[in-house]
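A.B. asks: What follows is a single structure, and I will ask about it in a moment.
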Amino acid sequence: MTIAVPARAFNTEQTDTSAAWKRRGAMLAGVATILLALFWHDSADLARIWWTSTTFGHCLFIGPVIGWLVWQRRSELAQIEPVGWAPGLAIVAVGGFGWMLGDAAQVSLARHLGLLIMLQGSVVTMLGPQVARGLLFPLAYAFFLVPFGESLEAPLQGVTVAMTMKLLHLVGVPAVVDGVLITIPNGYFEVAEACSGAKFVIAMTAYGVLVAHLCYLSWGRRIVFMAMALIVPVIANGLRAFGTIYAAHLTSVEAATGFDHIVYGWVFFGLVMAAVLAIGWRWFDRDPAAPMIDVARLQTMPRRPLEPLLAAALVLTVAAVFPSVGAAMAQRIDRAPDMIALPEIAGWQRAPLSARAPWQPHYPGADRLLIGRYVDPAGTPVDLAITVYDNQREGKEIVGFGIGALREDDRWVKIGNLPDIDGGAAMRVTAPGPVERVIVTWYRLGATRTSSPRTIKLAALGARLFGGPQRAVAVHVSAEALPGVDPQVAIARFLAALGSVDRVTGGTSEPPR
């Protein structure tokens, strides 16, 4: 039997769904705008990083790509009715809690991730689980809006140096390596963090995930393509570094580095992207015209629906709880005395700081920063720097990028790590001259004395959450490499005369005096 259904029934249903999309879409846009305004500092910080960082410049393209991915799904989404869903608030709460932990520990990555998860949770709460399933890939792809992956720089520096040295020796260039410094007869090159290839690997990860989703159905092919997308830029970067140094060997350092600065950038990355796409093209197995969403599986109505206004109000209420708690925790302070001084050390006298190769740690926002030079009877110099923070907050952290013994774009360049000295993390650095120096670092917060930035971050998090001591201290002992002077031996003798690093870190509660 055939049953005739009036066309106006379909028209009414389509009109209702369309009206629901317009109403909820407008409210979702309003909620997202308020969330970005509520967490304006993190929103502005993300925008600044995208705009100014060469490592994360690709994030500027992620937003338009997400918009395009949603636009691709518009016809299928129009057939799904958006419905408010109470369990989506749990996602908002998870994001808010993550943001609060990041704020307490002053970890920008956690704050940025928390903000993004709150925005994702608002989509699930305002539009419902079925729409969220239809938007699963665009929502997940939004994680690439968060700057991450800088930890890849150090290992990729090592890979680039190893590849470059093998290729240089293969073609007969008499090159020697010291940490990240490669020396050839007519000059030396630093394989810096910016030259590690990390920014291309990070960007290629985002690019590879997008291509794997759009062009492949087989998970095996997706995995193989992703592996290729990550390996090719590493190899290409090693070849680029080798080519630059080899060109300097044949011509001059100035000519080779000038050409490298022109080519090394988005032109280089564009060529690598094209090469990866060309290699993977043959095995594409997804029909470009295939629908992006299986609408038939997304027609059930969820339990615990919410009215649009109530859903919006609950999202904003849940999100607003966490900055309020964070602001209350930020009021805790553990103020150090106004007068603190470098200690007197038996057998060592105070002396002027080095004019030959001045060095000073970088701690913006520190409440106290003392630095002085000591010399023993033989004239061997050792520098001591003490930094004190009454508490920590945004822009006033004891650990962070470009904070500590070396600043961002410092004249001093890290060559490599050395074995710990008296529990302190030691590293060897160099500056133009060349001048070498060894720097040893300790941190203290409450009962925790460590050389690990991660450990002191966790200690700061615990202090903010549970009300422990807030004062944090960083200590650096440093010595230059001079004729007849081993800086590690000089530092060890200085520490022996000092007696204990706790004398200048403040022990468990007292600040350095």
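A.B. asks: Return yes or no: is residue 284 farther than 30 Å from residue 90 by Cβ and either at pLDDT below 90 or open to solvent by 90 Å² or more (accessible area, probe 1.4 Å) (or both)? I'd like the intermediate steps shown before the answer.
C.D. replies: Working: farther than 30 Å from residue 90 by Cβ: yes; either at pLDDT below 90 or open to solvent by 90 Å² or more (accessible area, probe 1.4 Å) (or both): no.
Considered against the rule, which asks whether it is farther than 30 Å from residue 90 by Cβ and either at pLDDT below 90 or open to solvent by 90 Å² or more (accessible area, probe 1.4 Å) (or both), residue 284 comes out as no.
A.B. asks: Report, by residue number, each residue of segment 372-400 that is part of a loop (DSSP other than H, G, I, E, B) and closer than 27 Å to residue 459 by Cβ. Please lay out each step first, then the result.
C.D. replies: Here is the first cut: in segment 372-400, the residues part of a loop (DSSP other than H, G, I, E, B) are 376-380, 390-392, 394-395, 397-399.
Within segment 372-400, 390, 391, 392, 394, 395, 397, 398, 399 meet the criteria.
A.B. asks: Select from segment 164-198 the residues that are at pLDDT 85 or above, out of contact with any helix residue (DSSP H, G or I) (no Cβ under 8 Å at 6 or more places or on another chain) and under 17 Å from residue 240 (Cβ atoms) and list them in ascending order.
C.D. replies: 165, 166, 170 - these are the residues of segment 164-198 that are at pLDDT 85 or above, out of contact with any helix residue (DSSP H, G or I) (no Cβ under 8 Å at 6 or more places or on another chain) and under 17 Å from residue 240 (Cβ atoms).
A.B. asks: If a residue counts only when it is at pLDDT 85 or above, within 16 Å of residue 386 (Cβ to Cβ) and small (Gly, Ala, Ser), which helices (runs of 4 or more DSSP H) contained entirely in segment 401-513 have at least 3 such residues? Spell out how you get there, then give the answer.
C.D. replies: Values: elements: 453-466, 487-498, 502-505.
So the answer is none; nothing clears 3.
A.B. asks: Do we find that residue 410 is surrounded by fewer than 17 Cβ atoms within 10 Å (Cβ to Cβ) and more than 25 Å from the chain's Cα centre (by Cα) in this structure? Give the steps one after another, and end with the answer.
C.D. replies: Values: surrounded by fewer than 17 Cβ atoms within 10 Å (Cβ to Cβ): yes; more than 25 Å from the chain's Cα centre (by Cα): no.
So residue 410 does not fit the description; no.
A.B. asks: If we keep just the residues of segment 392-404 that are open to solvent by 10 Å² or more (accessible area, probe 1.4 Å) and either touching a strand residue (DSSP E or B) at 6+ places or on another chain (Cβ under 8 Å) or of a type in the set (Lys, Arg) (or both), which is nearest to residue 154 (Cα to Cα)?
C.D. replies: Within segment 392-404, the match that is nearest to residue 154 (Cα to Cα) is 402.
A.B. asks: What are the residues in segment 114-146 that are open to solvent by less than 20 Å² (accessible area, probe 1.4 Å) and either over 18 Å from residue 73 (Cβ atoms) or touching a His at 6+ places or on another chain (Cβ under 9 Å) (or both), if any?
C.D. replies: 114, 115, 116, 118, 121, 122, 125, 141, 146
A.B. asks: Among the residues of segment 220-262, count how many are touching a helix residue (DSSP H, G or I) at 6+ places or on another chain (Cβ under 6 Å), small (Gly, Ala, Ser) and at pLDDT below 90.
C.D. replies: Selection size over segment 220-262: 6.
A.B. asks: Open to solvent by less than 30 Å² (accessible area, probe 1.4 Å) and modelled with pLDDT under 95: is that true of residue 55 in this structure?
C.D. replies: Working: open to solvent by less than 30 Å² (accessible area, probe 1.4 Å): yes; modelled with pLDDT under 95: yes.
It is true that residue 55 is open to solvent by less than 30 Å² (accessible area, probe 1.4 Å) and modelled with pLDDT under 95.
A.B. asks: Condition first: over 19 Å from residue 145 (Cβ atoms), among the hydrophobic types (A, V, I, L, M, F, W, C), outside any loop (DSSP other than H, G, I, E, B) and within 26 Å of the chain's Cα centre (by Cα). Can you find one or more residues in segment 102-122 that meet it?
C.D. replies: Checking segment 102-122: at least one residue is over 19 Å from residue 145 (Cβ atoms), among the hydrophobic types (A, V, I, L, M, F, W, C), outside any loop (DSSP other than H, G, I, E, B) and within 26 Å of the chain's Cα centre (by Cα).
A.B. asks: For segment 460-482, give me the residue count where each residue is open to solvent by less than 20 Å² (accessible area, probe 1.4 Å) and of a type outside the set (Lys, Arg).
C.D. replies: Filtering segment 460-482 down to residues open to solvent by less than 20 Å² (accessible area, probe 1.4 Å) leaves 460, 463-464, 470, 472-480.
Now narrow it down to the ones that are of a type outside the set (Lys, Arg): 460, 463, 470, 472-480.
Result for segment 460-482: 12.
The values are calculated or read from the model by the stated rules, or taken from the named source; none is laboratory data. Quantities reported herein were computed from a predicted structural model and do not represent experimental measurements. For neighbour counting, all protein chains shown are included, and Cβ atoms are generated from backbone atoms with ideal geometry for every residue, glycine included. To get the accessible areas, we keep the full protein, side chains included, count just its heavy atoms, and leave off ligands, DNA and RNA. Shrake-Rupley method; radii C 1.70, N 1.55, O 1.52, S 1.80 Å.
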